[in-house]
Amino acid sequence: MRTMKLQLFSIVVALAASVSLAWADDATSKANDDPDANPPAGIVTAETVDRIVKVLEQAGFEVEVNKADSGAPLIESTDASNPFSVHFYDCTDGKQCGTIQFESGWNLKNGINAVTIEQWNNDKIWGQAYRDKDKDPWLSVSVDLRGGVTEDNFLDVANKWKDLMSEFAKFIGWQDN
């Protein structure tokens, strides 16, 4: 009986060791893979510039992809009246980016006062407003894409951005000359 228990124990230990090794190999290979580099179809990450472009075009934007001085992608775009850029951040050597930021600025003859910018920021949860060195107003929205979002979710973000730009332009009294 004792011999049978030892044999059974040896079999259980051997099985446990093989399962542990298989798990370790699988975990190691998954740890070395960047899930944002090759996400499943329909998932947008900051590394899937082509998918970002596709969704922005679905939202009605004209899109041009360039490179920033850092080597990271830079999307320059516009709708009917508001040009903007999409900057890529949290990158390694211009790749493996994690975050993007939509950004647009308006050149006003006399700039804008800080109180108006503060009012916008106090009333909104989307779209941070600020002033540049010339006191011109800017609007930005940051989106963390690590792990990915669905194309539908990103389309919602793009449409919110479009609405925000239009709303902000009215808020600051923008008149395209």
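For the reader, a short list of remarks on this structure follows.
- For LYS67, the stated conditions do not hold, so it cannot be described as in the same structural domain as LEU164 (by TED's automatic domain parsing), in contact (Cβ under 8 Å) with a residue 40 or more places away in the chain and among the basic types (Lys, Arg).
- Filtered by the rule that a residue be touching a strand residue (DSSP E or B) at 6+ places or on another chain (Cβ under 9 Å), assigned to a strand (DSSP E or B) and under 17 Å from GLU47 (Cβ atoms), region 83-94 gives VAL86, HIS87, PHE88, TYR89.
- Within region 68-82, the residues that satisfy the criterion of being more than 20 Å from PRO39 (Cα to Cα) and at pLDDT below 95 are ALA68, ASP69, SER70, GLY71, SER77, THR78, ASP79, ALA80, SER81, ASN82.
- Qualifying residue in region 108-128 (condition: part of a helix (DSSP H, G or I), buried (at least 17 other Cβ atoms within 10 Å of the Cβ) and in contact (Cβ under 8 Å) with a residue 40 or more places away in the chain): yes
- In region 88-102, residue surrounded by the most Cβ atoms within 10 Å (Cβ to Cβ) [restricted to those that are closer than 19 Å to VAL149 by Cβ and more than 11 Å from the chain's Cα centre (by Cα)]: CYS91
- From the options GLY173, GLY147, GLY127, residue that is more than 25 Å from the chain's Cα centre (by Cα) and not charged (D, E, K, R): GLY173
- Residues in region 93-108 that are closer than 14 Å to ILE75 by Cβ and of a type in the set (S, T, N, Q): THR99, GLN101, SER104.
- Restricting region 108-124 to residues that are of a type outside the set (Asp, Glu) and within 25 Å of the chain's Cα centre (by Cα), the residue that is nearest to ASP163 (Cα to Cα): LYS124
- Scanning region 118-177 for residues that are farther than 19 Å from GLY60 by Cα and of a type in the set (Lys, Arg) yields LYS124, ARG131, LYS133, LYS135, ARG146, LYS170.
The values are calculated or read from the model by the stated rules, or taken from the named source; none is laboratory data. Computed from a predicted model, the values in this text were never measured in an experiment. Methodologically, a virtual Cβ is constructed for each residue, glycine included, from the backbone with ideal geometry; neighbour enumeration extends over all protein chains shown.
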